[in-house]
1. Could you size up the charge dipole of the chain around its Cα centre, putting +1 on the beta carbon of Lys and Arg and -1 on that of Asp and Glu, and report it in debye to the nearest 20?
2. Using a 10 Å cut-off around each Cβ, can you sort Ile11, Ile145, Ile112 from fewest to most neighbouring Cβ atoms?
3. How much length is gained on full extension from Ala13 to Ala58, taking 0.36 nm per residue of separation minus their Cα-Cα distance?
4. How about the range 1-105: which chymotrypsin sites (Phe, Trp or Tyr not before Pro) there are in a DSSP loop, with at most 15 other Cβ atoms within 10 Å of their Cβ?
5. Take every Cα pair under 8 Å in the chain that's 6+ residues apart, average their separations, divide by the length, and report that relative contact order as a whole percent.
6. For the chain, what does -39500 (n - 2.57) per DSSP helix run (n ≥ 4), summed and divided by total residues, give at 222 nm, in deg cm²/dmol to the nearest 500?
7. Which loop GluC sites (Glu not before Pro) in the range 89-172, with loop taken from DSSP, have no more than 15 other Cβ atoms within 10 angstrom of their Cβ?
8. The range 53-161: which trypsin sites (Lys or Arg not before Pro) are DSSP loop and have at most 14 other beta-carbon atoms within 10 angstrom?
Amino acid sequence: LSTAPGDANEISALFRRLTLGVYVVGVAHGETRDAFTAAWVMQASFDPLLLAVSINPANASYEVLHASGWFSVNVLKQDQLELARRLGTKSGRDEDKLRGIATRPGRLGVPILTDALAYFECELMGRSRAGDHELVLGQVRDGKILDGKASPLTYGETGDMDGSSALYPPAF
Ligand SMILES: Cc1cc2nc3c(=O)[nH]c(=O)nc-3n(C[C@H](O)[C@H](O)[C@H](O)COP(=O)(O)O)c2cc1C
């Protein structure tokens, strides 16, 4: 695919053809807890059961995740777009973004969203640098479907909430 000047959106439009869900990754260490919206989440193995999450090391959650070695992955429902915005468009570095959101503590205190569609609790098993992100592997130690009737929110439904259209290069 070649991109002519003026087609600056072509690569971002191409990447929007990947189907992705919308998740909230929850972390905690000591008194600190945080959570961020993530679309780059996938199953990576059956045995052991592994999830892969690609995390921007600039996220406040990144250090908290590595400090405890545990994280939750919460599957958002179609009607939780505003929750995705709240947890995905500002950092929890200076405030507890989760205040007022229904959670319960999982292992090592990782926040589990009690109104999500489902959740996984993961133990950190590996990390690998992936360009400007880091690919984190978590072994799934627990999890549950919380609302078996709900439909999952898809990344396409978030539009450009994450501002990613500005992050793609103009050409390959
Ligand atoms: C729809 C959406 C998807 C996102 N996907 C990811 C992702 O996969 N990985 C990531 O590191 N950040 C992702 N983000 C950005 C983080 O949610 C955002 O930077 C957040 O403010 C980080 O919070 P923290 O600093 O409290 O950890 C996404 C944001 C949105 C709105």
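1. Computed charge dipole of the chain: roughly 260 debye.
2. Ile145, Ile11, Ile112
3. Taking 0.36 nm per residue and subtracting the Cα distance, the gain is 13.7 nm.
4. Within the range 1-105, the qualifying chymotrypsin sites (Phe, Trp or Tyr not before Pro) (loop, at most 15 other Cβ atoms within 10 Å) are Phe46.
5. 30
6. -3500 deg cm²/dmol
7. Passing sites in the range 89-172 are Glu95.
8. Lys90, Arg93, Arg99, Lys149
Where a number appears in this text, it was derived from the coordinates with a stated rule and is not lab data. Source: prediction; values computed, not measured. Please note: Cβ atoms are built from the backbone with ideal geometry, for glycine as well, and neighbour counts cover all protein chains shown.
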